[in-house]
Every structure is written in structure tokens, then in C-alpha cells.
Amino acid sequence: MTTSDDADLPQRWPNRVTAPRRSPVWRPPEDIADLFPEVSGNTINGLGERTQRSPSLIMWANPASIAHGAVQTHMTEEFLAHPELSTVLRVDDRHSPVPVSDQVVERAPEEWAEAVRTFALHDGPLTVELCGIAAIDRSWFFADRATDHTYVIVLGIAMDHQALSTAPAPTSAMEVHRQYNRGTSAARHLADWIRAQGHRAEGHGGPGAGPLLMVPAAIAAGLGELGKHGSLINPELGSSFRLSVVLTDLPLVADRPIDNGADEFCHGCRVCAEACPPAAISHTEQLVRGRTRWYVDVDRCLPYFAASHGCGICIAVCPWSTPGEGWRISTAVLDRRRRRNSARATADTSSAGDQQHP
Ligand code: SF4
Ligand code: SF4
């Protein structure tokens, strides 16, 4: 719920990254608009649908199989034609997983969970900054990409915020893809390590879509909350990170979603929405496939995204992404919530004595 107290909250952060309202609102040039299909990306996404269903692919799949295939092909060609971006784009990226060992290592789920975290964060050949575990929810998977695995291990890969802050310049896109590559490789290393111990596992990373939506899995695994800009907010990294996942049948213990006040903060913050050139970010949550949540208008975002090597402005300007700010904002929001709840409890207690019974 938005309160008047929320409305000025972002103004209290002197170190926040701000951006004036981009005006006029960006409109796609003809060559970009011509790439788009008749069908709305919001319709494919299930905007306004009351019933829960599997998500449908919009981008980062076989271009011949998706309505927005021409948009994806255009973006890939632009990347490959760019002297620097072409060096970070993994084309035809294949990996041969190690065979699942016949020697099955048995451990308690708690021990496996700890071992997975240690490998991902400290001991593996390519370490990452965040690691969480969630029991698999089949509703995260695209319609034709079901799984029989039981857990998803979600990895968070930090981006260099200074490079990200150059968005939408190619230097930002290069950093995004460098970290996509690190996340994909780290997920494959982790999956291979699990397979070498006799358990099934498969690693997936971006920007290719893989079998599932990674953001809801990451929320369930405790990596962050969904922000108004449609990306995750983590108290340590803000929105300046990428995701990769490992699907496995290893016995594990799931983590829990976190509440660091990010969702509450978003209700009173306008920074990303004002910075978004095509005005794709809404200030109200919307119904999408049976759930009410923050939602970015795909038909507005995607043309700018395609014209700018992947944009990234909204996650760069988010105040939580500024190094060191996330925990500070989180502490302030949670303190304020505690004070508000405590004041309400006091008011309830004192008014309870005023009640007259018939
Ligand atoms: S990525 Fe999309 S939503 Fe975010 S600022 Fe760019 S155009 Fe707007
Ligand atoms: S996502 Fe970040 S920039 Fe956008 S409203 Fe939330 S806190 Fe503000």
C-alpha cells in the first residue's frame, strides 16, 4: 500500500543515483518498429489473465519458434557487428556435461546444501556472489520445458556497477554479457561437480532462456525481492547482478524468500520509472497469469531494449544498486516498519480499554 510517508522516501538518500524524467517519451524508429509482430508481448506474457499458467517464451529462444524472432535476430546481428560486443557474445555455446558417476555419494540434505554453497561461493573454479536453493515449482517452467528435478540452485553474479551505470552504452552491455558468461560457466561447473558425485544436475545461464523463468526461482531461493523495474533487488547487490541456475535431484534444504523492505520501498520510489526512456515501468502492480505483481510493459521496453544493445538503465539507476546503499536503505525501511507496527500495537492496546460491551 502506498502511504504519504512512502512518497518522499527516495529523497532521503543523498547518494542515490537519480535521473530526470526522460522527455519526450522515446518512440521506436520505423526500422525497429517494423521488426515487431502483430501480437502484443504483453498478451504473450499473460497480462490481465486471471488464471495461473506456464509462462510463454518471448525472447532468447530459437528465433524461428517465437513471435519476436526478428527482434532477437536483429539484436544478435547488432552485437556481432560491433567490434567490442562481438567479443563477449557466446555464439553456438555448447558444453559437454561430465557423466553422472556410478559412485553415488550419500550425505544428509543439510550437508549437501552447505557443500553446494561452499563450492559455489568459495571453492569452485569460478565462484559467484550469491547462492540460494528452492524446491522446484513447475509453474516457473515454460510450457514445453518440463523437468523432473526437485531443486533449483540459483546463483547471483555481481556486475561492476560503474560499467553498468554507462547504460545504454555498449560498455554496459559488455559487462552484462561478461557476467552472463561467468554465471553460465559457474552453473556448469557446479552441475558437473554434482554429477561427479552420482547425482543428476544441469546448469543453465543467460541470456538464452533455458527451461524456466529464473526470477521467481531466485525470489523463492532468497536472492531478492521483485522491484518495480521487473528485476530482482538484493540488499547487497541491488539490481546489479545476473542469474544462472542448476536443476538437480540432489537432496537439499530450501532457503526462504527474504523481506528486506525492497517491495515496500518501490511503492514510494519513482527513479526507474522516470529514467526509462520509453516509459515502460508502471507505478502500480498488475495482474499477470493469475498473480498481481510489478510488471514492465514489454511492448514499450523491448523496442528500446533492441535499439540499445539491451538497455539496463532501470537496474543501473535503482538506488539499491549503488554499492553500499542497499543495506542502508533496507535498515531504514525495516526500522520505519517496526516503529509503525509498534505505534499501531500501542494504539490498539490503549483503545481496547475504551470499548464498551453491551
Ligand atoms: S530495460 Fe526496459 S524497462 Fe528498463 S529502462 Fe530500459 S526500456 Fe525501460
Ligand atoms: S526498482 Fe529501484 S528504482 Fe525502481 S522503484 Fe524500486 S527502488 Fe526505485
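The C-beta contact set for region 123-148 (first residue closer than 10 Å to Leu212 by Cα, second residue of a type in the set (S, T, N, Q) and loosely packed, with under 14 Cβ neighbours inside 10 Å, distance under 7 angstrom, 6+ apart or interchain) comprises Ser139/Gln52.
With the structure loaded, tell me whether Gly222 is within 16 Å of ligand 1 (Cβ to nearest atom) and in a loop (DSSP other than H, G, I, E, B) or whether it fails that test. No: the conditions fail for Gly222.
Could you identify the single residue in Asp160, Asp144, Asp148 that is of a type in the set (Asp, Glu), at pLDDT 95 or above and over 15 Å from the mean Cα position of the chain (by Cα)? Only one candidate qualifies: Asp160. Restricting the first member to region 170-189 and to residues that are over 18 Å from Phe119 (Cα atoms), and the second to residues that are among the hydroxyl-bearing types (Ser, Thr, Tyr) and not in a helix (DSSP H, G or I), the beta-carbon pairs closer than 7 Å and six or more apart or on different chains are Ser172/Thr166.
If you filter region 202-244 down to residues that are charged (D, E, K, R) and under 9 Å from the mean Cα position of the chain (by Cα), you find that the one that is nearest to ligand 2 (Cβ to nearest atom) is Glu225.
Does region 22-37 contain any residue that is modelled with pLDDT of 85 or more and polar (S, T, N, Q)? Looking for residues that are modelled with pLDDT of 85 or more and polar (S, T, N, Q), one finds none in region 22-37, hence no.
Among the residues of region 276-303, what is the count of those that are among the aliphatic types (A, V, I, L, M) and farther than 28 Å from Glu78 by Cβ?
Of region 276-303, the ones among the aliphatic types (A, V, I, L, M) are 279-281, 287-288, 296, 298, 302.
Filter once more, so that each one left must be farther than 28 Å from Glu78 by Cβ: 287-288.
Counting residues in region 276-303 that are among the aliphatic types (A, V, I, L, M) and farther than 28 Å from Glu78 by Cβ gives 2.
When we screen Ala279, Ala316 for residues that are part of a loop (DSSP other than H, G, I, E, B) and of a type in the set (A, V, I, L, M), the only hit is Ala279.
For region 186-202, the criterion of being in contact with a strand residue (DSSP E or B) (Cβ under 6 Å, 6 or more places away or on another chain), over 30 Å from Asp144 (Cβ atoms) and outside any loop (DSSP other than H, G, I, E, B) is met by none of the residues.
Only one of the listed residues (Leu155, Leu212) is away from ligand 1 (no atom under 16 Å from the Cβ) and closer than 16 Å to Leu121 by Cα. That residue is Leu155. Taking each residue of region 46-62 that is farther than 20 Å from Cys301 by Cα and looking for partners that are in a loop (DSSP other than H, G, I, E, B) and of a type in the set (Phe, Trp, Tyr) with beta-carbon atoms closer than 7 Å, six or more apart or interchain, yields Ser54/Phe142. Scanning region 244-290 for residues that are touching a residue at least 60 places away in the same chain (Cβ under 8 Å) and within 16 Å of ligand 1 (Cβ to nearest atom) yields Cys269, Arg270, Val271, Glu274, Ala275, Cys276, Pro277, Pro278, Ala279, Gln286, Val288.
Suppose we filter Cys266, Cys301 for residues that are crowded, with 21+ Cβ neighbours inside 10 Å and either over 30 Å from Ser65 (Cβ atoms) or modelled with pLDDT under 95 (or both); which single one remains?
Numbers: Cys301 fails: either over 30 Å from Ser65 (Cβ atoms) or modelled with pLDDT under 95 (or both).
None of the other options fit; the residue is Cys266.
Note on region 249-276: residues that are outside any helix (DSSP H, G or I) and under 13 Å from Ile233 (Cβ atoms) total 6. Taken together, the residues in region 80-113 that are surrounded by fewer than 13 Cβ atoms within 10 Å (Cβ to Cβ), modelled with pLDDT of 95 or more and among the polar types (S, T, N, Q) amount to 1. Of note, Ser40 satisfies the criterion of being touching a residue at least 12 places away in the same chain (Cβ under 8 Å) and of a type in the set (S, T, N, Q).
Taken over region 150-167, the residue count meeting the criterion of being away from ligand 2 (no atom under 16 Å from the Cβ), assigned to a loop (DSSP other than H, G, I, E, B) and within 22 Å of Cys301 (Cβ to Cβ) is 1.
Can you confirm whether region 256-277 contains a residue that is more than 20 Å from His189 (Cα to Cα), away from ligand 2 (no atom under 16 Å from the Cβ) and more than 16 Å from the chain's Cα centre (by Cα)?
So the first thing to find is which residues in region 256-277 are more than 20 Å from His189 (Cα to Cα), and the list is 256-277.
So of that shortlist, the ones also away from ligand 2 (no atom under 16 Å from the Cβ) come out as 256-257.
Add one more test, that the residue is more than 16 Å from the chain's Cα centre (by Cα), and what stays is 256.
Yes, the conditions are met somewhere in region 256-277.
The values are calculated or read from the model by the stated rules, or taken from the named source; none is laboratory data. No experiment lies behind these values; they were computed from the predicted model shown. FYI the Cβ positions are ideal-geometry reconstructions off the backbone, even for glycines, and counts take in every protein chain you see.
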